1. Exactly one of these conditions fails for S199: (1) assigned to a loop (DSSP other than H, G, I, E, B); (2) at pLDDT 90 or above. Give me its number.
2. Would you confirm whether or not the range 58-78 contains a residue that is closer than 16 Å to Y116 by Cβ, within 23 Å of the chain's Cα centre (by Cα) and of a type in the set (A, V, I, L, M, F, W, C)?
3. Anything in the range 202-223 that is assigned to a loop (DSSP other than H, G, I, E, B) and acidic (D, E)? List them, or say none.
4. If I go through the range 95-120 residue by residue, how many of them are among the charged types (D, E, K, R) and within 22 Å of S152 (Cβ to Cβ)?
5. Select from the range 130-139 the residues that are outside any helix (DSSP H, G or I) and surrounded by fewer than 15 Cβ atoms within 10 Å (Cβ to Cβ) and list them in ascending order.
6. If A114 passes every condition in (1) under 12 Å from the mean Cα position of the chain (by Cα); (2) small (G, A, S); (3) more than 30 Å from M38 (Cβ to Cβ); (4) crowded, with 19+ Cβ neighbours inside 10 Å but one, which one does it miss?
7. Within the bounds of the range 124-135, is there any residue that is touching a His at 6+ places or on another chain (Cβ under 6 Å) and at pLDDT 90 or above?
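The values are calculated or read from the model by the stated rules, or taken from the named source; none is laboratory data. From a predicted model like this one, the values you see are computed outputs, not experimental measurements. Cβ coordinates were reconstructed from backbone atoms using ideal geometry, including for glycine residues, and neighbour counts include every protein chain displayed.
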Amino acid sequence: MKIFNFLIIVLIFISLASCTKKEEKISLIKEDNLEMQMIEAYNEGLKEFNRGDIFFAAKKFNEVELLYPQSAWAPRSTLMAAYVYYSQLYFNEAIIEIERFLDKYKNHKNTDYAYYLLAVCHYNQIVDEKKDLGEILKAKTYFQIIIKDFPSTDFAEDSKFKLELIEEILASKELYLANYYLDREKWIPAMNRFKKIVSDYDTTIYIEEALYRLVELNYKLGLTDEAQKYAAVLGYNYQSSEWYDSSYKILNRNYKKTNIKQDMEKEKSLLKRFKDLFK
């Protein structure tokens, strides 16, 4: 009887050991199949993207992340989903994917690309500078992040260029509002808008008109000294412009145009050298 019981115990241990090995083997096979499914889904996503079916392509890229969230393919697939949306101008969908990438995969090696794509998505939604201030400011913020955190990348170079365009857009918005108030004879709000262009957007094409309008408004309000200060800055930096001639015609009835210097430095604004004029 004892021998019989011993044999039963031995058989139970053998059975358990056999089951354990079998389970490990099945788990390994499942893992292999999961990785193959992930690669297949990624390749299918690329295939559908090339065919132009971006929604199905994005779906397949999202499947990769669901199948194998801890793999190196997961963040890559998230960015690919964002890019396929961006490629067909579905900017909001692309933004959702990028924001999820930045939140989930912090310090990833492609973070610079993610920020650039995010900035461009907002930038490309700027249609009217008078209405799209939110998109303008978001694009500006993300381009600034790229320049600050990834200064040696190609993305930083293009971000600098696009920031210059954004500055022009913001300055044009200020000029539009300033002239709106000017047309309605609201001198102080108009003056404040023109001053903002001078202080914040002095490298844009709108600086000359803003300076001239400040000469005009200050003179109109009897602030002759202030008018002369703005005229001096305008005259020193932009002697060749029509705004320069107009400002001096306001201050000097007997004004005659004199010889002007043709080769003006354009690399940087000279306004910064004359901050004492505004003190």
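1. Checking S199 against (1) assigned to a loop (DSSP other than H, G, I, E, B); (2) at pLDDT 90 or above, the one that fails is (1).
2. No, the range 58-78 has no match at all.
3. Step one: filter the range 202-223 for residues assigned to a loop (DSSP other than H, G, I, E, B), giving 202-206, 221-223.
Answer for the range 202-223, where residues must be assigned to a loop (DSSP other than H, G, I, E, B) and acidic (D, E): just D202.
4. Kept after step one, since they are among the charged types (D, E, K, R), are these residues of the range 95-120: 97, 99-100, 103-104, 106, 109, 112.
In the following step, the residues that additionally are within 22 Å of S152 (Cβ to Cβ) were identified as 106, 109, 112.
Number of matching residues: 3.
5. Initially, the range 130-139 is screened for residues outside any helix (DSSP H, G or I), giving 130-132.
Residues satisfying the conditions are K130, K131.
6. (3)
7. First, the residues of the range 124-135 that are touching a His at 6+ places or on another chain (Cβ under 6 Å): 135.
Next, only the ones that are at pLDDT 90 or above stay: 135.
Yes - at least one qualifying residue is present in the range 124-135.
Residues are listed down the side, and each one gets a yes or a no for (1) touching a Leu at 6+ places or on another chain (Cβ under 9 Å); (2) farther than 17 Å from N179 by Cα; (3) at pLDDT 90 or above:
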site: Y212; (1), (2), (3): yes, no, no
site: L217; (1), (2), (3): yes, no, yes
site: K220; (1), (2), (3): no, no, no
site: Y230; (1), (2), (3): yes, yes, no
site: V233; (1), (2), (3): yes, yes, no
site: Y236; (1), (2), (3): yes, yes, no
site: Q239; (1), (2), (3): no, yes, no
site: E242; (1), (2), (3): no, yes, no
site: K249; (1), (2), (3): no, yes, no
